[in-house]
Amino acid sequence: MANNDIALMAHLMRRAGFGASYEELERRAAAGYEATVEDLLNPANRPSLEMDVLERRFVDWREMNALEVNQAFWTYAMINTERPLEEKIALFWHGIFCTGNSKCEHGRQIKLQIDMFRQHGLGSFRDLLLGLSSDPSMIFYLDNCMSHKDAINENWGRELLELFSMGVGMDGEANYSEDDVKECARAFTGWTITNAIPRYPYGRYEAGFIYNPDDHDEDNKTFLGETGNFNGDDIIDIIARQPSTARFISRHIYNFFVADDVQVPAWQNTPPRDEEAIKMLEDEYFRSGYNIGSMLRVLFNSDAFKNARFAKVKSPAEAVIGTMRVVKDFTSPKPGLHNLASNIRYMGQDLMNPPTVEGWHTGGEWIDSGTLVERINFAADQVGNLELPGVQDMVARVGSDGPSTAEQVVDRCLELLGAYELADDTRAQLIDHVGRSGDLIPGTPEFSQRVGQTLQLIVSTQEYQFA
Amino acid sequence: MTTTRFTGITLQPSHTIGRAEFSGPGFRNPVAMVRGEDDTMYVVSRSYDYRPDGKRITICTLDEEYIGEFARGVTTAGEGDPSDADGSLIWPTAIALDSEGNVFVADEWLNRISIYTGDGAYTSKWGTQGSGDGEISSPSGLAFDQDDNLLLVDCDNHRIQKFTRDGQYISQFGSKGDGDGEFNMPWGITVDRNGDIFIADWRNDRIQKFDRNGNFLMKFGTSGSGDGELDRPTGVAVDKDGNIYVTDWGNDRLQVFTSEGEYVTQTTGDGSLSKWGKEKLDANSEMWQERDIAQGLERERLFWGPIAVTVDDDDNVFVVESARSRVQIFRRQVPVFFGGRL
């Protein structure tokens, strides 16, 4: 099998999922690239996690109320899912449609939102916005439950336009006005929630969405140039057909799945990094009736995507999960999952608890001196653990090549970790370091350790921080 | 005068014990309980993965008097790593008392049976991970037979093993499968007054009954949510008249069957505000205010994760709810008719 096929498959799996073991890459490459794209885009064809067994071992998953319990679950799901794009698209939308536990104080309520992303995240963007508009955690997070027909709260209306669908502007122009924000908020009056049951004595129960017609503003609204007695779903229909929405979602998809773009607030005045690719996505958005899965199908099969290897800095979730899927730890329930999940937070991504409604800044902003050390220490600890089955697999594969030079071992380890590529000088330094003790001979006492150390050197490079 | 008994059963809600706490009066993700002497009971809390301080065994009374707790390997409040030191727990699953009132607790991560006095003083342990005779893999249910030997549900080995109290292997029955006498990740166990053994055959969605020697006697239950159907039954108990109680975990209900396995009735719970719960709210008046504006409080009545069931000699039926940190107690009511035959 050509190494290019493996390299391309590794790229696809890093972006559309969270990376894959070499054995999975071989299997998927044999099935073919386009077939794998289809497999990823149809998660329901793959088995879901066996929640009965998981809830049996992780007994606290039955209620899943605490934030930390949810973070542990999501971490486990990302590591073990056979539907990687289902989890990846949920993570994608979570980074845009931010809802934070710091305000909601109920992890389960946010999990229900994430479940909605899992269910609808590859479907119609209109349906997704409708789901978001009626999502209790979002309604509470952005105060729509405090927006009344005689006293609107603009928070939801504003963020729906600014952060969740259209963006403040594009091509140097504003996409909407302050009046549009107010009219949008008026249309969503009455979209509220039932009150949750508080924590004591037995634990929280979630809130539910409820439409209160008595609190809905029934007068005409003028929104984005259209006038009528609009309700929330009418507003979503209007939003979904805006070119600015196509642009905004396309840029988000590009930024998440293809290559790091400038931060979102700069999009009004900064053209897309790849205008041709954005145009392709915009066209598919309208052609498909706002279907996100269709946009991803076009994207993953495009040269713009295939040629964008290592054009993104891994998010903390990608950094942790990608390594775990290769070393194959926590492939079944065991204590300590919370500690593992905490590494994602230590690296700057407190899942289900983003810093603001704007979410996390991405790309190079994931990295600072502290988080870089966290990343390197974490990955080096994992790949250097010779007891982990995935590490043992890699050592065995290197060993099956027979006696090898340092250069051969470095290149083989790069391939096994996911067809990583190093800058020439970095690669030369690694080969020099590994070669100081001579060739590597399988069966010798130090063989496994030297392979493990080679893996550790690779995951400590700058290049390993890119997906 | 003769007495004629009728087979109808009514479960009358009695009261609810519990409150979600990591220490002190309350439980945290309880998974098992056993009645002790007089009016005492022992409740095993598994707690969250990230809060090992909540793993413990609570001793309290049926009237919700807090007596104490033990087996807390981690006593520092807050996040931390669990301890596997002698007497501590990581993934506790089951509890049983021997004839002398000693407490036996199974831990499915450590593959260890820890033994304490009735007051909670640690005395000893046994258990070796494996699949050979006397080795165990994820023990999930415990029950003493009439000879004071311990029947252990060896979950991941899909079998039942019998040990002496000090862990000497005696015998076993069962293997993986879905035929008669076979198991798929069995969980709860009980021994009735005749010495017959009932197993919640968890992933086969059924209950199986065996004689004291492990010979298959009968089975009942099929996958589903209709009357008498089961979705991952966790616990099983038998009352003094032979009626069988099953925590139907996936369906969030308790079902009752005759001694022949015929469906009788069910309840989806009838929880009420516990004494400890009320004490917490009384001490924090803002919590009462929060509850005053809460909607759908009737949800608190329903079972959420019924994981174990016990019946005592006084016809009290105890249902442990892992997701609600409480035990709902019902009284079994049986019509009793006086008078001679007409």
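The values are calculated or read from the model by the stated rules, or taken from the named source; none is laboratory data. From a predicted model like this one, the values you see are computed outputs, not experimental measurements. So basically every Cβ, Gly included, is an ideal-geometry build from the backbone, and we count neighbours across all protein chains shown.
Every residue, every condition in (1) over 27 Å from A:ASN144 (Cβ atoms); (2) at pLDDT 95 or above; (3) within 14 Å of chain B (Cβ to nearest Cβ), yes or no:
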{"position": "A:ARG27", "(1), (2), (3)": "yes, yes, no"}
{"position": "A:THR36", "(1), (2), (3)": "yes, yes, no"}
{"position": "A:ASN42", "(1), (2), (3)": "yes, yes, no"}
{"position": "A:ARG46", "(1), (2), (3)": "yes, yes, no"}
{"position": "A:GLU50", "(1), (2), (3)": "yes, yes, yes"}
{"position": "A:ILE114", "(1), (2), (3)": "no, yes, no"}
In segment B:151-193, residue surrounded by the fewest Cβ atoms within 10 Å (Cβ to Cβ) [restricted to those that are among the β-branched types (Val, Ile, Thr) and out of contact with any Leu (no Cβ under 8 Å at 6 or more places or on another chain)]: B:ILE170
Residue in segment B:309-318 that is more than 11 Å from every other protein chain (Cβ to nearest Cβ), part of a loop (DSSP other than H, G, I, E, B) and without any contact (Cβ under 8 Å) to a residue 60 or more places away in the chain present: yes
Count of residues meeting criterion [more than 19 Å from the chain's Cα centre (by Cα), in a loop (DSSP other than H, G, I, E, B) and more than 20 Å from A:ASN70 (Cα to Cα)] in segment A:294-345: 4
Selected residue (criterion: nearest to the other protein chains (Cβ to nearest Cβ)) from residues of segment B:267-304 that are among the aromatic types (Phe, Trp, Tyr) and free of Cβ contacts under 8 Å to residues at least 60 places away in the same chain: B:TRP304
The one condition in (1) in contact with a helix residue (DSSP H, G or I) (Cβ under 7 Å, 6 or more places away or on another chain); (2) among the polar types (S, T, N, Q); (3) closer than 23 Å to A:ASN42 by Cβ that A:SER124 fails to fulfil: (1)
Residues of segment B:203-247 classified as within 13 Å of chain A (Cβ to nearest Cβ), surrounded by 15 or more Cβ atoms within 10 Å (Cβ to Cβ) and either over 19 Å from B:ALA143 (Cα atoms) or among the polar types (S, T, N, Q) (or both), total: 8
Given (1) more than 14 Å from chain A (Cβ to nearest Cβ); (2) closer than 30 Å to B:ASP154 by Cβ; (3) not in a loop (DSSP other than H, G, I, E, B), number of the condition B:GLU260 does not satisfy: (3)
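For every residue, the table says whether it meets (1) farther than 25 Å from A:ALA266 by Cα; (2) in contact with a His (Cβ under 8 Å, 6 or more places away or on another chain); (3) crowded, with 16+ Cβ neighbours inside 10 Å.
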residue: A:GLY336; (1), (2), (3): yes, no, no
residue: A:SER342; (1), (2), (3): yes, no, yes
residue: A:GLY348; (1), (2), (3): no, no, yes
residue: A:ILE367; (1), (2), (3): no, no, yes
residue: A:LEU372; (1), (2), (3): yes, no, no
Odd one out for A:ALA207, checked against (1) outside any helix (DSSP H, G or I); (2) aliphatic (A, V, I, L, M); (3) more than 14 Å from chain B (Cβ to nearest Cβ): (3)
Flag for A:GLY348 being of a type outside the set (A, V, I, L, M) and either more than 24 Å from A:LEU67 (Cα to Cα) or at pLDDT below 95 (or both): no
Selection count where residues are out of contact with any Gly (no Cβ under 8 Å at 6 or more places or on another chain), within 17 Å of A:ILE321 (Cα to Cα) and of a type in the set (A, V, I, L, M), scope segment A:374-418: 6
Selection from segment A:242-291 of residues that are without any contact (Cβ under 8 Å) to a residue 12 or more places away in the chain and not in a helix (DSSP H, G or I): A:VAL262, A:THR270, A:SER288
Condition check for A:PHE92: closer than 19 Å to A:MET51 by Cβ and assigned to a helix (DSSP H, G or I): no
Which listed residue is crowded, with 22+ Cβ neighbours inside 10 Å and either assigned to a loop (DSSP other than H, G, I, E, B) or in contact (Cβ under 8 Å) with a residue 24 or more places away in the chain (or both), from A:LEU130, A:LEU112, A:LEU85: A:LEU85
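Being more than 14 Å from the chain's Cα centre (by Cα) and assigned to a strand (DSSP E or B) is the filter here, so list the residues in segment B:78-102 that pass it.
Hits for segment B:78-102: nothing passes.
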Subset of segment B:274-304 (residues that are touching a Ser or Thr at 6+ places or on another chain (Cβ under 7 Å) and surrounded by fewer than 17 Cβ atoms within 10 Å (Cβ to Cβ)): B:GLN295, B:GLY296
Subset of segment B:25-47 (residues that are within 11 Å of chain A (Cβ to nearest Cβ) and over 16 Å from B:THR93 (Cβ atoms)): B:PRO25, B:GLY26
Yes/no for B:GLU64 being within 14 Å of chain A (Cβ to nearest Cβ) and either more than 30 Å from B:ASP270 (Cα to Cα) or assigned to a loop (DSSP other than H, G, I, E, B) (or both): yes
Top-ranked residue in segment A:10-35 [being aliphatic (A, V, I, L, M), more than 18 Å from the chain's Cα centre (by Cα) and surrounded by 15 or more Cβ atoms within 10 Å (Cβ to Cβ); ranked as farthest from A:GLY390 (Cα to Cα)]: A:ALA29
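How many residues does segment A:378-398 contain that are over 14 Å from A:LYS328 (Cβ atoms) and part of a helix (DSSP H, G or I)? Outline the logic, then answer.
To start, the set of residues in segment A:378-398 that are over 14 Å from A:LYS328 (Cβ atoms) comprises A:378-381, A:384, A:398.
Now narrow it down to the ones that are part of a helix (DSSP H, G or I): A:378-381, A:398.
Selection size over segment A:378-398: 5.
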Whichever residue in segment A:56-82 is at the interface with another protein chain (Cβ under 8 Å from one of its Cβ atoms) and farther than 23 Å from A:GLU105 by Cβ and, among such residues, is surrounded by the most Cβ atoms within 10 Å (Cβ to Cβ): A:ARG56
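Residues to consider are B:GLY127, B:GLY141, B:GLY120; find the one that is over 18 Å from B:THR164 (Cβ atoms) and in contact (Cβ under 8 Å) with a residue 40 or more places away in the chain. Break it down stepwise before answering.
Values: B:GLY127 fails: over 18 Å from B:THR164 (Cβ atoms); B:GLY141 fails: over 18 Å from B:THR164 (Cβ atoms).
Step by step, each of B:GLY127, B:GLY141, B:GLY120 is checked, and only B:GLY120 is over 18 Å from B:THR164 (Cβ atoms) and in contact (Cβ under 8 Å) with a residue 40 or more places away in the chain.
Just a yes or no: is a residue in segment A:251-265 farther than 30 Å from A:VAL459 by Cβ and surrounded by fewer than 22 Cβ atoms within 10 Å (Cβ to Cβ)? Walk me through how you get there before you give the answer.
Filtering segment A:251-265 down to residues farther than 30 Å from A:VAL459 by Cβ leaves A:251, A:265.
Those left that are additionally surrounded by fewer than 22 Cβ atoms within 10 Å (Cβ to Cβ): A:265.
Yes, there is a match, as at least one residue in segment A:251-265 is farther than 30 Å from A:VAL459 by Cβ and surrounded by fewer than 22 Cβ atoms within 10 Å (Cβ to Cβ).
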Subset of segment A:220-241 [surrounded by fewer than 20 Cβ atoms within 10 Å (Cβ to Cβ) and in a helix (DSSP H, G or I)]: A:ASP233, A:ASP234, A:ASP237, A:ILE238
Residue check, B:THR222 within 17 Å of B:TRP202 (Cα to Cα) and out of contact with any strand residue (DSSP E or B) (no Cβ under 6 Å at 6 or more places or on another chain): yes
Inter-residue pairs, beta-carbon under 8 Å, first farther than 16 Å from A:ASP260 by Cβ and in segment A:347-371, second of a type in the set (D, E, K, R) and modelled with pLDDT of 95 or more, 6+ apart: A:MET347/A:GLU374; A:MET347/A:ARG375; A:LEU351/A:ARG345; A:MET352/A:LYS111; A:VAL357/A:GLU159
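Could you list, in sequence order, all residues of segment A:157-194 that are within 14 Å of chain B (Cβ to nearest Cβ) and surrounded by 21 or more Cβ atoms within 10 Å (Cβ to Cβ)?
The answer is A:THR192, A:ILE193.
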